[in-house]
1. In whole angstrom, how far apart do the alpha carbon centroids of segment 71-103 and segment 41-61 sit?
2. With springs only between Cα atoms under 10 Å apart, run a GNM on the chain and tell me which of Ser19, Ser68, Ser52 wobbles the most.
3. Heavy-atom accessible area per residue, the chain, 1.4 Å probe: how many Å²?
4. Anyone know which of Gln90, Gln48, Gln78 comes out most mobile in the 10 Å Cα GNM of the chain?
5. Work through the residues other than Ala80 whose Cβ is under 14 Å from its Cβ and net out their charges, Lys, Arg +1 and Asp, Glu -1.
6. Tell me the carbon and sulfur percent of the accessible area for the chain, rounded to whole percent, probe radius 1.4 Å.
7. If you compute Rg and Dmax of the Cα atoms in Å for the structure shown, which of [x] 16.9, 54; [y] 13.0, 40; [z] 42.5, 139 do you land on?
8. If you take the charge dipole of segment 5-76 about its Cα centre, with +1 on Lys and Arg Cβ and -1 on Asp and Glu Cβ, which of Asn9, Ser46, Ala63 is farthest toward its positive end?
Amino acid sequence: MDGKKFDKNTLKTLVIAASLLLNCVLGGASYTYYHHLAEQMNETASLQSQVSHLEGSVSDLQAQADESQPTIDDLKAQVASLTEEKNGLQTQVDTLTSQKADL
């Protein structure tokens, strides 16, 4: 070799070295990508499991709310009835107080 030209063996060696280097870089990048993808898939599976669990909790709570609604409606009706009764009794108290004052 005269300093300006490579002989065929040196050129082949450089091509092989460059190919090996490129394969190492691409292999490392592929491994990193695969590892990152595997982590994301595991995280996705974990999040899906959490979503399923939370959906089950929501269903349970909705069932409890549905079961409680008749009781809530009954209590509201009782409050309305007792308020009406209280107003009637207050009217009676006012009437009796007025009658007492007249006597």
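1. Between the Cα centres of segment 71-103 and segment 41-61 lies a distance of 52 Å.
2. Greatest mean-square fluctuation among the candidates belongs to Ser19.
3. Heavy-atom accessible area per residue stands at 92 Å².
4. Gln90
5. Result for the neighbourhood of Ala80: -2.
6. After summing per-atom areas, the C and S share lands at 61 percent.
7. [z]
8. Towards the positive end, the residue furthest out is Asn9.
The values are calculated or read from the model by the stated rules, or taken from the named source; none is laboratory data. Because the structure is a prediction, the values reported are computed rather than measured. Every residue, glycine among them, receives a Cβ derived from its backbone with ideal geometry; neighbour counts consider all protein chains shown. Surface accessibility is based on the protein's heavy atoms, side chains included, excluding ligands, DNA and RNA. Shrake-Rupley method; radii C 1.70, N 1.55, O 1.52, S 1.80 Å.
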